[in-house]
Amino acid sequence: MVGYIARRILLMFLVIIGATVLAFAVMDFAPGDTAELIAYARYGEELSPAHIERVRQTEGLDASLPVRYGRWLAHVARGDLGQSLTTRESVASEILPRLAATAQLAAASILIALLIGICAGIISATRQDTIVDAISRLGAMLGVCIPNFWLGLLLILLFSLTLGWLPSFGKGTFSHLILPALTLGTGMAALLSRIMRSSLVEVLGQDYIRTARAKGLSERTVIYKHALMNALIPAVTVAGLQFGRLLEGAVIVESVFGWPGLGRLLVESIFARDFVTIQGCMLVIAAAVVVVNLLVDISYVWLDPRIRCESSK
């Protein structure tokens with residue numbers, strides 16, 4: 001078990017390093033002169049070639065890509081994410097409050113996705129080929145197909161502008177969280193519903209389920225005590241893999257609802273060509289995704305004792 005976790009942690013660090021290398025390469029090959037854009041943001045209309053060269057030297061932009069990446073990695077190892085090129089503030093101080101807001105939104109979205117997806121999947125699987133099953137499958141298909149930004153706009157139009165029940169912008173009270181969390185969690189809920197239904201239908205057809213029913217156990221006991229734990233494994237896998245997609249969707253949803261999270265900071269930094277802040281955001285996002293996937297891998301041991309036995313070998 002310890003060796004299994006150690007291998008996963010090593011792989012986690014390799015993935016994070018790969019993500020940061022990719023972020024560096026993309027920013028380096030992006031069109032335009034980063035030094036010129038930063039100089040224009042600082043000096044405005046009085047920009048001159050001397051200002052551009054001064055920015056290029058002071059920010060270390062005159063060095064090659066491997067050298068700049070090595071310097072940044074050395075600072076990260078000491079816990080320093082650098083200074084924003086536009087605001088001159090510490091990147092860590094800008095990321096931390098945004099990360100807390102995104103974590104709040106992500107937790108609410110995952111909770112909504114799990115509640116809706118797993119419950120809908122169980123109901124659909126236990127009522128196969130009925131009108132309830134058809135409605136559930138249709139809703140899951142619509143949830144997967146509808147883009148986040150369009151769903152968010154529809155929810156704003158209905159609940160904010162038409163009914164006036166919920167705020168449409170910003171972060172403050174609990175009511176500000178409902179619409180963005182519902183928008184972000186709907187797609188994952190639809191996918192989980194389909195996966196949960198397929199998995200539970202397959203498990204309910206196994207021999208040990210027929211044996212449990214033959215012993216006279218109630219249908220509720222058969223489903224929730226014997227079938228559900230095995231059926232949850234694919235759903236948990238998909239939920240962990242979809243966490244990265246959830247953070248990707250948070251970039252759009254936070255922009256639609258004006259939610260002051262990490263995704264919105266990343267968008268603002270991309271437009272400003274603030275590659276130091278972009279690299280910090282990419283590092284935090286990559287770390288969050290791999291940590292969640294590590295927790296999903298460990299959860300298999302709890303859900304299926306057979307995996308526990310195999311990992312201990």
**OP:** Answer yes or no as to whether R8 is under 20 Å from V91 (Cβ atoms), modelled with pLDDT under 80 and in contact with a helix residue (DSSP H, G or I) (Cβ under 8 Å, 6 or more places away or on another chain).
**Re:** no
Original post:
Which of (1) at positive phi; (2) assigned to a helix (DSSP H, G or I) is the odd one out, the single condition T237 does not satisfy?
Top reply: (1)
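With the requirement that a residue be of a type in the set (D, E) and not in a helix (DSSP H, G or I), what does segment 116-150 give you?
Just the residues of segment 116-150 that are of a type in the set (D, E), to begin with: 129, 133.
Listed by number, the list holds a single entry, D129.
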**OP:** For segment 47-73, name all the residues that are in a helix (DSSP H, G or I) and surrounded by 13 or more Cβ atoms within 10 Å (Cβ to Cβ).
**Re:** H51, I52, E53, R54, V55, R56, L65, R68, Y69, R71, W72, L73
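Here is a yes/no grid of residues against (1) over 30 Å from L37 (Cα atoms); (2) modelled with pLDDT of 80 or more; (3) surrounded by fewer than 18 Cβ atoms within 10 Å (Cβ to Cβ); (4) hydrophobic (A, V, I, L, M, F, W, C):
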site: A189; (1), (2), (3), (4): yes, yes, no, yes
site: S199; (1), (2), (3), (4): yes, yes, no, no
site: A235; (1), (2), (3), (4): yes, no, no, yes
site: F257; (1), (2), (3), (4): no, yes, no, yes
site: L283; (1), (2), (3), (4): no, yes, no, yes
Subject >> Residue tally, condition farther than 18 Å from R264 by Cβ and surrounded by fewer than 20 Cβ atoms within 10 Å (Cβ to Cβ), over segment 74-111 >> reply: 12
Original post:
Scanning for something within 19 Å of the chain's Cα centre (by Cα) and more than 18 Å from T277 (Cα to Cα), does segment 119-127 turn up at least one residue?
Top reply: no
Original post:
Within segment 260-286, which residues are within 30 Å of I298 (Cβ to Cβ) and either not aliphatic (A, V, I, L, M) or not in a helix (DSSP H, G or I) (or both)?
Top reply: G261, G263, Q279, G280, C281
Subject >> Check on S168, surrounded by 14 or more Cβ atoms within 10 Å (Cβ to Cβ) and not in a loop (DSSP other than H, G, I, E, B) >> reply: no
Original post:
So which residues in segment 112-137 are among the β-branched types (V, I, T), out of contact with any Leu (no Cβ under 9 Å at 6 or more places or on another chain) and surrounded by 15 or more Cβ atoms within 10 Å (Cβ to Cβ)?
Top reply: I123
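The values are calculated or read from the model by the stated rules, or taken from the named source; none is laboratory data. Please read these numbers as outputs of a predicted model, since none were measured by experiment. Please note: Cβ atoms are built from the backbone with ideal geometry, for glycine as well, and neighbour counts cover all protein chains shown.
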